[in-house]
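Notes follow once the structure below has been shown.
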Amino acid sequence: MSQAIGLAVVNFPASSQYDATEASYWSLQESDLKPACIVRPTSAQDVSRAIKVIKSTPDCKFAIKGQGHSPAAGFANVDGGVTLDMTSLASIETSSDHSVAKVGAGASWLDVYRHLDPLG
């Protein structure tokens, strides 16, 4: 089951998106953890709203997942808490003179290199 809250989507166990996020971890130790729900924010405002809700819930544990390449359990996933899946925030922008890059929390390094390499 999934539910929209603002533009963020909250995925619960047994939903296809929950299962897809759980299957996307590089480390088996991370994918073995089972959060109560997975929140997929689509904006900085969604992240802020999610953190405010988590903070207002005593003892709620959470983890933040980028591309899921963390090697140890608990770095990017959590048992019984909330996982914020940042992969929807994968934008890559550069300044007009190409001296500054802005990389979204869900971007992969491969995508960053593909974006920046042609710019020198």
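The values are calculated or read from the model by the stated rules, or taken from the named source; none is laboratory data. No experiment lies behind these values; they were computed from the predicted model shown. Here Cβ is always computed from backbone atoms with ideal geometry, including for glycine, and neighbour counts include all displayed protein chains. These area figures cover heavy atoms from the full protein model, side chains too; ligands, DNA and RNA do not enter into them. Shrake-Rupley method; radii C 1.70, N 1.55, O 1.52, S 1.80 Å.
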Query raised in the report: For the cross-link pairs 61/102; 34/55; 34/102, which exceed 22 Å when the distance is taken from alpha carbon to alpha carbon?
Result: 61/102; 34/102
Query raised in the report: Say each of residue 108 and residue 23 gets a label point 7 Å from the Cα, pointing the same way as Cα to Cβ; how far apart are those two points in nm?
Result: 1.5
Report summary line: Of all DSSP beta bridges with both partners in the chain, the antiparallel percent, nearest 5, is 60
Report summary line: Long-range amide H partners of residue 79, meaning residues 5 or more apart or on another chain whose placed amide H is closer than 5 Å, are 34
Query raised in the report: About its Cα centre, how strong a charge dipole does the chain have in debye, to the nearest 20, once Lys and Arg get +1 and Asp and Glu get -1 at the Cβ?
Result: 340
Requested in this report: At 1.4 Å probe size, with no ligands or nucleic acids counted, give the accessible surface of residue 69 in Å², nearest ten.
Outcome: 120
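Give me the accessible area per residue for region 20-64, probe 1.4 Å, as a whole number in Å².
61
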Query raised in the report: Ignoring ligands and nucleic acids, what accessible area does residue 51 show with a 1.4 Å probe (Å², nearest 10)?
Result: 60
Query raised in the report: Within the accessible area of region 76-120, what % is carbon and sulfur when the probe is 1.4 Å and the other protein chains stay in place?
Result: 53
Report summary line: The orientation-averaged projected area of the Cα convex hull of the chain, in nm², is 8.2
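What percent do you get for the relative contact order of region 42-82 when only Cα pairs under 8 Å and 6+ apart count?
36
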Query raised in the report: Which value, in Å² rounded to 10, gives the accessible area of residue 39 with a 1.4 Å probe and all protein chains present?
Result: 10
Requested in this report: May I ask you to derive the relative contact order of the chain, considering only C-alpha pairs under 8 Å and at least 6 residues apart, and to give it as an integer percent?
Outcome: 23
Query - the chain, helix-only ellipticity at 222 nm - DSSP H runs n ≥ 4, -39,500 (n - 2.57), divided by all residues, nearest 500 - result: -7000 deg cm²/dmol
Query - Sequence of 102, 55, 34 when ordered by accessible area, the most exposed leading, probe 1.4 angstrom - result: 55, 102, 34
